[in-house]
2 protein chains.
Amino acid sequence: MQVAIYFFICVDLSLALFEEPALFPLPFLATSLAEVLCLMAFFGRLVHFAKVTPQMVFWKDTKNICIMVTIVLTLIDLIICGSLEAVNIHSVRWSRALRPVFLINFPESRQIRRTFRSIRNTLPDILYVFLLFMFSVLIFSLMALKLFGDRGLKTVEGLPYFTNILDIVFELYVLVTTANSPDVMMPAYNFNWWYSLYFITYIIINTYIFMSVFLAVVYNNYRKHLKNEIRKLAYLKRHKMIEAFNILKVQVGTEFVVMEAQWRRLAKVVAPHISSPHLELLLRISDEGQKGHVDKVNFLRLPDLLNIQVVTINVKRHPLEDWMPRVYQSSASLLVQRIVRHRIFVWVYDVIILINAIFIALDEKNPFISHAEWLFLSLYIIEILLKLYTYEPRAYFGRKQFWNCQQILDIVLILRILRLLRIIVSIQRFRVIVTTLINIGPTILTFGGLVLVVYYVFAIIGMEAFRGKVRFSDPNFTSPDALVCGNPALKDSAFARDRYCKNNFNDLASSFIVLMELTVVNQWLTHSLAFILEAFFVAYSLEKSEVETAIEKKIQELGVGIQEEEMQDGKLIDNVDAKDSGFSGDDGDNKRKDLKGLYFRIASKKYRTVDALLQQMFESEIAPEEEGPSLDEILNFSPGDMYPKNPNFENSA
Amino acid sequence: MQVAIYFFICVDLSLALFEEPALFPLPFLATSLAEVLCLMAFFGRLVHFAKVTPQMVFWKDTKNICIMVTIVLTLIDLIICGSLEAVNIHSVRWSRALRPVFLINFPESRQIRRTFRSIRNTLPDILYVFLLFMFSVLIFSLMALKLFGDRGLKTVEGLPYFTNILDIVFELYVLVTTANSPDVMMPAYNFNWWYSLYFITYIIINTYIFMSVFLAVVYNNYRKHLKNEIRKLAYLKRHKMIEAFNILKVQVGTEFVVMEAQWRRLAKVVAPHISSPHLELLLRISDEGQKGHVDKVNFLRLPDLLNIQVVTINVKRHPLEDWMPRVYQSSASLLVQRIVRHRIFVWVYDVIILINAIFIALDEKNPFISHAEWLFLSLYIIEILLKLYTYEPRAYFGRKQFWNCQQILDIVLILRILRLLRIIVSIQRFRVIVTTLINIGPTILTFGGLVLVVYYVFAIIGMEAFRGKVRFSDPNFTSPDALVCGNPALKDSAFARDRYCKNNFNDLASSFIVLMELTVVNQWLTHSLAFILEAFFVAYSLEKSEVETAIEKKIQELGVGIQEEEMQDGKLIDNVDAKDSGFSGDDGDNKRKDLKGLYFRIASKKYRTVDALLQQMFESEIAPEEEGPSLDEILNFSPGDMYPKNPNFENSA
């Protein structure tokens, strides 16, 4: 169902590729039929909703109203355009700009809606800074008019310099983005040295200080709303768990508890795929004294315990060891394994990759270099074979062993340059940065969805307004027509001179590129990336203060834990193999052996999301006995009233 | 003494203006004599230091060693250059780049040194991100070489496109600053639409994500070190106060206390200029029960109490009321006063200023407009006269009443446009932003000093290396020589075409401008302005959670407090005058009258510095009884070990 809806949304949005002005033209009838089909699918989904939700709730939800209104508007627009098209009159298909409404308003796009809401909440604060900023630009423009307007200065193009207030405002606004620096200053600076002070002052105030203030406001608001959402979630969870406890509780002695059997059944219902050793582990954590029941504080912790990914590892021997133990355990074989496991082996290959990179940068025409390429390829294959010989294959290519898989891809990939990435992996500090970047991947995707929505609306409007204004005919710019981008009005313009003809609104793809270029030059986007900042603040504060959970402690206590570091580069396997074959030290081995090759491992801390971390930090501040506010209060939390109530909830940054 | 040293530092630094290549040429002998004089002054200061500090301490201080080495090096350089000059050989005066050493190393520039230290501490973290960033640029460059190198593409100038790896690295680096976007993309984009994806990916990763990571690292480090310094200060203060308490304490009953007389004498010694009503106020806060002695907890608070600026206000009648009470209290006069005090009066003048602004933007040649200017001027004079008539003059122009004084300046100032600033003042939200900007003024100055030091060194090096390469002869660009900036090598270059001739290293002032332009285009500076971010985070968090101090509570309790809001726009005076003349309400008046026109006011919270606020927040988390770590431990605090110890000390953002 969800997949189908997403499919129809994609189809609906991509229709713009086939409608006039089209990248791949299709007749009007075909695209309209496809659109009607999509609309029917959306309507069907809506009807389904209306059936499963109470009528009151359904009609109160603005999302549903939005979708319905958009469907109706699109149909009206289709009918009008269709009838006009029949008599060969071209009209504006304005309803196309409404298509992203479907993407935003279906319940599956909760993330995008949340981001939209958070932007809307930030707007009032932004607005004040923006007004002040515009005010400052205006005052500077007036000053510029008085200072430079009467001097008869000329720009490089020979036009009058700073004589019109609107031109000045525009030029000064562009100066904030530094796009026309220092050109905008040069005429005044050439006239008199002292005028440069005016521009320096302007840049300090408007480019540096105001842009920082923008960032501060955006980040501050983002953080406030993020924390509020997380607080809501944490209290909601607590609320639900207390309800559950009150249903399941029985009195033992003076206190209320949940019996072990009940607890087991609950856990099995909530997490049916949990393995029984994992469940035993959780029970041993919750029922510390093995009294046969779980008390309230420990019961409330159940969702956190279930949320922690515990990897159950079956440590196995290398297959070769089973097939031909004599050969694999021979001193020559052991020497090979020891070499492969050594740090220097990794370093040697890092150097090889670096040399390879230099070769790639050199001229490939040279026959010597293209031969060298084969040498490198065989070296990489040898490396992988050696590693397969040394490490247990399934552990080597196991989940989360991303970097190892990448090694195999190296050979297959045409982009051999990606091999260089391996050097990054070998430096610990780099890994922190890279894994944080990977963590914020989903957030970047959400943000990307948002940008897509905005671009789509503007692209549709741009195409209706500007299509065909620029015609791109000759990619080699040899015909005289290409020199004016097919439009005589562009003769001698900087646009044609710089060969910008392809920056046009003639189809959806070109429109997107133009909008992207405008975003880049204007640099506003940089100041909206508050989520990247937050992710890094959390990552850095985690580096300092290890948040150890009860489950991790227990695993270590029971001696069935394996440090995450041991897992990397297959060292765990190394370690365990070595011990099993009784050839390394024997300290602490006995405990492990009791479990017959069964090990637990907490999934890497580095792979936890920012949200999860913040939630954990916040929960550690709610006292275990605290019941929290009532459900209504929780749902109406506003970011504003958080500060006095929870002054300590700012630990994260 | 301090002033003299700063004078000599200024003279020494500004010598670069008069030395070859000079803005105002002076003979070599004159500048060398001035420099020797400065060096002697610095040496004298150093000798004085050596006398007042123990020898061990003096010689251990790297600052002193630095200054001495620099003096010696400068003298050597002077002698060499002087003797070469005598035989007319020009040599490089390299020691000039060392001059900022004096600015940094004298104890008076503690702030600049602290900033330098904090930058040095941030460097290792920055370095890792920078390496990763360079790595990413390199990988993308190699990919670009493979993708575009063999296609025979040409740039707009007809040069080969992306064929040389070094060119590619440079172009892609510039793309991060967005300075050559979209030009660098156009040849590939014109060739094939899909190549634009390469550039989009590059911009997302390197411009958006990496720049955010840079900012995150810089801000995180800044914050860490700021907090550490503040923690150090807070504990040091606590330590000293406990020592003081132990000296002064006497036993009363079961507890140790400081007697009132002792407390008074101490306060008088520490703050000799404190007024006696202020001292009484502090005593009433410290000795809550009026028992004649101050206990330990309250004693430890003494420095905080003394640090809070309390303004003692003598409420006076309007002079006119004394001179001619009948006229001033007549109903016509009261009506005028009421009108002037009314909100609408302010609004009317805001509108007048706006209309004035529009007139300024219009053509001034028009005789009607220049006459209107006189009309506006008289309106402003009338406003000031009316306000002087209504409000008590000394309060109106009193300290902190910055905005009122500005009003007077309006008329005098040639920059009449600054009048527009008054509109900002009338909106409360704008005030928060503006006052925060004013608060960070000192920090901006420190940062400016730092930038000056860096620019100075680079300017000196640049002048030695590039002086005379560009000759600027004709500001109107009419002579053929001007078209190549006086250097035939620049024929047909973009540099000459854009009339950049004045961007050169021919004198100190021009060098500074060039360096500034390079900074702006490269945009790195934006990402270093972490202190602006911090100031705004503190300002915004303050808006939410009012940090009320004991002293404020006491003032309110005693009924001698005046809200800061009442002070603004002279409303306080309004209020008080009105009450004194018995013409407004009478609630709570009696208490005030007992004090015979003496009122206290806490200096505006908005004017507190970020440092002071953070310190206050941190101190509120040290338990009153806590002795804190030992002195040695305090001095060796490192930012790293703060997190686990004081998890709550992150409230500020």
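For (1) at pLDDT below 80; (2) open to solvent by 40 Å² or more (accessible area, probe 1.4 Å), each residue gets a yes or a no:
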{"position": "A:V453", "(1), (2)": "no, no"}
{"position": "A:A459", "(1), (2)": "no, no"}
{"position": "A:E464", "(1), (2)": "no, yes"}
{"position": "A:K469", "(1), (2)": "no, yes"}
{"position": "A:N476", "(1), (2)": "yes, yes"}
{"position": "A:C485", "(1), (2)": "yes, no"}
{"position": "A:L490", "(1), (2)": "no, no"}
{"position": "A:N504", "(1), (2)": "no, no"}
{"position": "A:L508", "(1), (2)": "no, no"}
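A Cβ distance below 8 Å, combined with a sequence gap of six or more or placement on separate chains, defines the contacts here; from the range A:13-31, residues that are assigned by TED's automatic domain parsing to the domain that holds A:S95 reach residues that are of a type in the set (S, T, N, Q) and in a helix (DSSP H, G or I) in the pairs A:L15/A:T31; A:F18/A:T31; A:E19/A:T31.
Here is a yes/no grid of residues against (1) among the aliphatic types (A, V, I, L, M); (2) over 27 Å from B:V451 (Cβ atoms); (3) part of a helix (DSSP H, G or I):
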position	(1), (2), (3)
B:A4	yes, no, yes
B:I9	yes, no, yes
B:S14	no, no, yes
B:L23	yes, no, no
B:L26	yes, no, no
B:A34	yes, no, yes
B:L37	yes, yes, yes
B:F43	no, yes, yes
B:A50	yes, yes, yes
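Taking the conditions (1) out of contact with any Leu (no Cβ under 7 Å at 6 or more places or on another chain); (2) farther than 28 Å from B:R45 by Cα; (3) open to solvent by 20 Å² or more (accessible area, probe 1.4 Å) in turn, B:I165 satisfies each one other than (1).
Say whether the condition of being out of contact with any strand residue (DSSP E or B) (no Cβ under 6 Å at 6 or more places or on another chain), at pLDDT 85 or above and within 12 Å of chain B (Cβ to nearest Cβ) is met by at least one residue in the range A:120-127. Quick ask: steps written out before the conclusion?
Initially, the range A:120-127 is screened for residues out of contact with any strand residue (DSSP E or B) (no Cβ under 6 Å at 6 or more places or on another chain), giving A:120-127.
Then drop every residue that is not at pLDDT 85 or above, which leaves A:127.
Now narrow it down to the ones that are within 12 Å of chain B (Cβ to nearest Cβ): A:127.
Among the residues of the range A:120-127, at least one is out of contact with any strand residue (DSSP E or B) (no Cβ under 6 Å at 6 or more places or on another chain), at pLDDT 85 or above and within 12 Å of chain B (Cβ to nearest Cβ), which makes the answer yes.
Could you check the range A:188-217 and list, in sequence order, the residues that are more than 18 Å from B:T519 (Cβ to Cβ) and either in contact with a helix residue (DSSP H, G or I) (Cβ under 8 Å, 6 or more places away or on another chain) or not assigned by TED's automatic domain parsing to the domain that holds A:F135 (or both)? Before the answer, list the steps.
Just the residues of the range A:188-217 that are more than 18 Å from B:T519 (Cβ to Cβ), to begin with: A:188, A:190-195, A:213-217.
Passing the criteria: A:A188, A:F191, A:W193, A:Y195, A:V213, A:F214, A:L215, A:A216, A:V217.
State which residue pairs qualify: first residue under 14 Å from A:Y389 (Cα atoms) and inside the range A:336-349, second residue open to solvent by 90 Å² or more (accessible area, probe 1.4 Å) and part of a helix (DSSP H, G or I) in any location, beta carbons under 8 Å apart, and separation of 6 or more residues or different chains. If the second residue must be open to solvent by 90 Å² or more (accessible area, probe 1.4 Å) and part of a helix (DSSP H, G or I), the pairs left are A:R341/A:K571. Restricting attention to the range B:1-35, the residues that are of a type outside the set (G, A, S), within 19 Å of B:S510 (Cβ to Cβ) and open to solvent by 30 Å² or more (accessible area, probe 1.4 Å) total 7.
I'd like to know if the range A:63-84 contains one or more residues that are assigned to a helix (DSSP H, G or I) and closer than 23 Å to A:N228 by Cβ. Break it down into steps so the answer makes sense when it comes.
Of all residues in the range A:63-84, those assigned to a helix (DSSP H, G or I) come to A:63-84.
If we keep only those that are closer than 23 Å to A:N228 by Cβ as well, we get A:63.
Within the range A:63-84, one or more residues are assigned to a helix (DSSP H, G or I) and closer than 23 Å to A:N228 by Cβ.
No other residue among A:F170, A:F133 is of a type in the set (F, W, Y) and open to solvent by less than 20 Å² (accessible area, probe 1.4 Å) apart from A:F133.
Taking the criterion of being more than 8 Å from chain B (Cβ to nearest Cβ) and among the β-branched types (V, I, T), the only residue of the range A:192-203 that qualifies is A:T201.
Just checking, does the range B:89-105 include any residue being touching a Gly at 6+ places or on another chain (Cβ under 7 Å) and at pLDDT below 85? Working first, answer last.
Quick first cut of the range B:89-105, residues touching a Gly at 6+ places or on another chain (Cβ under 7 Å) only: none.
The answer is no; no qualifying residue exists.
Test of understanding: among B:Y189, B:Y222, B:Y235, which residue is open to solvent by less than 60 Å² (accessible area, probe 1.4 Å), out of contact with any strand residue (DSSP E or B) (no Cβ under 7 Å at 6 or more places or on another chain) and within 11 Å of chain A (Cβ to nearest Cβ)?
Numbers: B:Y222 fails: within 11 Å of chain A (Cβ to nearest Cβ); B:Y235 fails: within 11 Å of chain A (Cβ to nearest Cβ).
Unique residue meeting the criteria: B:Y189.
Scanning the range A:128-185 for residues that are of a type in the set (D, E) and either within 9 Å of chain B (Cβ to nearest Cβ) or closer than 21 Å to B:D183 by Cβ (or both) returns A:D150, A:E157, A:E171, A:D183.
Going residue by residue through the range A:96-115, is there one that turns out to be among the hydroxyl-bearing types (S, T, Y) and open to solvent by 20 Å² or more (accessible area, probe 1.4 Å)?
Just the residues of the range A:96-115 that are among the hydroxyl-bearing types (S, T, Y), to begin with: A:109, A:115.
Of the ones still in play, those that are also open to solvent by 20 Å² or more (accessible area, probe 1.4 Å) are A:115.
Yes, the range A:96-115 contains at least one residue that is among the hydroxyl-bearing types (S, T, Y) and open to solvent by 20 Å² or more (accessible area, probe 1.4 Å).
Give the range A:482-511 a look and list any residue that's in contact with a helix residue (DSSP H, G or I) (Cβ under 8 Å, 6 or more places away or on another chain) and within 9 Å of chain B (Cβ to nearest Cβ), or say none. If the condition is that a residue be in contact with a helix residue (DSSP H, G or I) (Cβ under 8 Å, 6 or more places away or on another chain) and within 9 Å of chain B (Cβ to nearest Cβ), then A:D498, A:R499, A:Y500, A:C501, A:K502, A:N503, A:A509 are the ones that fit. The set of residues from the range A:435-451 being open to solvent by 30 Å² or more (accessible area, probe 1.4 Å) and either within 27 Å of A:R99 (Cβ to Cβ) or modelled with pLDDT of 80 or more (or both) comprises A:P442, A:T443, A:I444, A:L445, A:F447, A:G448, A:V451.
The values are calculated or read from the model by the stated rules, or taken from the named source; none is laboratory data. Predicted, not measured: the structure shown is a model, and the values here were computed from it. Neighbour counts are summed over all protein chains in view; Cβ atoms, including those assigned to glycine, are modelled from backbone coordinates with ideal geometry. Heavy atoms of the whole protein, side chains included, go into the accessibility calculation; ligands, DNA and RNA do not. Shrake-Rupley method; radii C 1.70, N 1.55, O 1.52, S 1.80 Å.
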